[in-house]
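Asks: Have a look at this one before I ask anything.
The values are calculated or read from the model by the stated rules, or taken from the named source; none is laboratory data. Just so it is clear, the model here is predicted, and its values are computed rather than measured. Please note: Cβ atoms are built from the backbone with ideal geometry, for glycine as well, and neighbour counts cover all protein chains shown. With ligands, DNA and RNA removed, areas are computed over all heavy atoms of the protein, side chains included. Shrake-Rupley method; radii C 1.70, N 1.55, O 1.52, S 1.80 Å.
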Amino acid sequence: MAFFDLCHKDEFAASLLYEEIPGYYTFNKQNGTFQRRRRDTPVEGHPGIFHKHTFGRIYTIHPNNRECYHLRMLLNVVKGPTSFESLKSVNGILYPTYQAACLALGLLEGDNPWCETH
């Protein structure tokens, strides 16, 4: 939820993917929010923003856990989502599932190739 709040409040964060956030922000466990890094390499054209080469964690999810798997897939391609609902929105259409949103984005193949072979 802190990631969504950050993307809602911070224009620069809204231009990033989930996996890029740790390079520019640190997580404050005490208040559950992200804060901009205060040192390291300045980002050209963005005063007050610094970048550090770092690794974040994105947990592996088995494809059998379909909605979580597709949620994770969307987090890897959608920049600056502000809610779980915004992750399911593609071109102004709110899809009922993360899987449907992935399909609309062309991240998955539909059943059509299988159906057309029979």
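Asks: Give me the angle, in degrees from 0 to 90, between the Cα long axis of helix 66-75 and the longest principal axis of the Cα atoms of the chain, rounded to the nearest 10.
Replies: 50
Asks: What residue among VAL90, VAL78, VAL43 has the largest mean-square fluctuation in a Gaussian network model of the chain, using Cα springs under 10 Å?
Replies: In this elastic network of the chain, the residue with the biggest mean-square fluctuation among VAL90, VAL78, VAL43 is VAL43.
Asks: Can you list the chymotrypsin sites (Phe, Trp or Tyr not before Pro) in the stretch 66-102 that are in a DSSP coil and have 16 or fewer other beta carbons within 10 angstrom? Walk me through the numbers on the way to the answer.
Replies: Details: sites: TYR69, PHE84, TYR98; in loops: none.
In loop regions of the stretch 66-102 (DSSP not H, G, I, E or B), there are no sparsely surrounded chymotrypsin sites (Phe, Trp or Tyr not before Pro).
Asks: What does the charge count around GLU19 come to, taking other residues whose C-beta lies under 15 Å from its C-beta (Lys +1, Arg +1, Asp -1, Glu -1)? Provide the component values of the computation, followed by the final result.
Replies: Numbers: positive: LYS52, ARG57, ARG72, LYS79; negative: GLU20.
With Lys, Arg at +1 and Asp, Glu at -1, the net is +3.
Asks: Okay, next question. Taking H as built 1.01 Å from N, whose amide H comes closer than 5 Å to the amide H of THR33, not counting residues under 5 places away?
Replies: Under 5 Å from the amide H of THR33: ASN28.
Asks: Next up: Can you tell me the accessible area per residue over the chain, all protein chains present, probe 1.4 angstrom, in square angstrom? All intermediate terms of the calculation are to be shown ahead of the outcome.
Replies: Working: 8560 Å² over 118 residues.
So the chain comes to 73 Å² accessible per residue, rounded to a whole number.
Asks: Hey, another quick one. Counting other C-beta atoms within 10 Å, and keeping those with at most 16, which DSSP coil GluC sites (Glu not before Pro) do you find in the stretch 15-118? All intermediate terms of the calculation are to be shown ahead of the outcome.
Replies: On the way: sites: GLU19, GLU20, GLU44, GLU67, GLU85, GLU109, GLU116; in loops: GLU44, GLU109.
Filter output for the stretch 15-118: GLU44, GLU109.
Asks: Given (1) 1.42; (2) 1.50; (3) 1.25, which label gives Cα Rg over 2.2 N^0.38 Å as computed from the coordinates?
Replies: So the structure-derived entry is (3).
Asks: Scan the stretch 37-79 for trypsin sites (Lys or Arg not before Pro) in coil per DSSP, keeping those whose Cβ has at most 15 other Cβ atoms within 10 Å, and list them by number.
Replies: ARG38, ARG39, LYS52, ARG57, LYS79
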